[in-house]
Amino acid sequence: MAILVISFLYALMCQTTLVAAALYGLAVHFKIYPVTYALPIYLLLNSDYTGSKRLGRYTDYWWPNRERIKFVGVSLGTFVLLTSVFYLRYGYEFLHETYLYHLTRTDMRHNFSVYFYMMYLTAQSSYSTVLGLLAFFPQVVLLVAISLKFYRDLPFCCFLQTFVFVTFNKVCTSQYFLWYLSLLPVALPTVRMPVLTTVILVSSWFIGQLIFWNLME
């Protein structure tokens, strides 16, 4: 999965839009989380990327230029084609297990989510589903804000997007950490952090996991 994400980022940096779009559609088909990159990618494909005449300060944000149309069309087409093939093969079970299940998923063990305890206490209540859906709201707000702020540095922006998506997801297991850690090497050139701060943060991250696992035993 990390190879697909890094590959489409590299293709975008090389301005091979069609290749990047196909890889992006493939990546979203395999794992749903790269869909959070859609907005910063769209914003990146502006007049600065294409080298065309700037339409205006605000119009340039949303106007569907040629590169944006190509990227949306190819990535969406790739995703729909692959999804259709697997739906014809496996039916509704494929859609549910791959995409729809994540809207209502709960995991009461091995869960690092900030919502873990709330979801645990309300698991049997009548409003647990509503709370689960409301948990997406902080994610959406932060993802949009990060997209608007950092889209010009796409690798760093995607790292932040993935970090926020994982941190504020209602289910967060250890494998999720690999999603943003795989992007850390390409995001590091933008990060300016003292060595001591880095050591403290990394140590805290590992210690937190050790404490959690010991408590769950």
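Looking only at residues in the stretch 35-53 that are without any contact (Cβ under 8 Å) to a residue 60 or more places away in the chain and within 16 Å of the chain's Cα centre (by Cα), the one that is farthest from residue 71 (Cα to Cα) is 35.
The rows are residues; the columns are (1) touching a residue at least 40 places away in the same chain (Cβ under 8 Å); (2) in contact with a Ser or Thr (Cβ under 8 Å, 6 or more places away or on another chain); (3) under 25 Å from residue 7 (Cα atoms); (4) surrounded by fewer than 17 Cβ atoms within 10 Å (Cβ to Cβ).
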residue	(1), (2), (3), (4)
170	yes, yes, no, no
178	yes, no, yes, yes
181	no, no, yes, yes
191	no, no, yes, yes
203	no, no, no, yes
207	no, no, no, yes
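With respect to the stated conditions, residue 171 fails to be under 19 Å from residue 40 (Cα atoms) and either more than 23 Å from the chain's Cα centre (by Cα) or among the β-branched types (Val, Ile, Thr) (or both). For the stretch 170-183, the criterion of being at pLDDT below 80, assigned to a helix (DSSP H, G or I) and not hydrophobic (A, V, I, L, M, F, W, C) is met by at least one residue.
Within the stretch 1-102, which helices (runs of 4 or more DSSP H) (wholly inside it) include 1 or more residues that are surrounded by 14 or more Cβ atoms within 10 Å (Cβ to Cβ) and of a type in the set (Lys, Arg)?
Ranges flagged: 66-90.
Tell me whether the stretch 141-159 contains one or more residues that are on the phi < 0 side of the Ramachandran plot, of a type in the set (Ser, Thr, Tyr) and free of Cβ contacts under 8 Å to residues at least 24 places away in the same chain. No, the stretch 141-159 has no match at all.
The values are calculated or read from the model by the stated rules, or taken from the named source; none is laboratory data. Just so we're clear, the structure is a prediction, and the values are computed from it rather than from any experiment. Because the Cβ atoms are built from the backbone with ideal geometry, glycine has one as well, and the counts that use them run over all protein chains shown.
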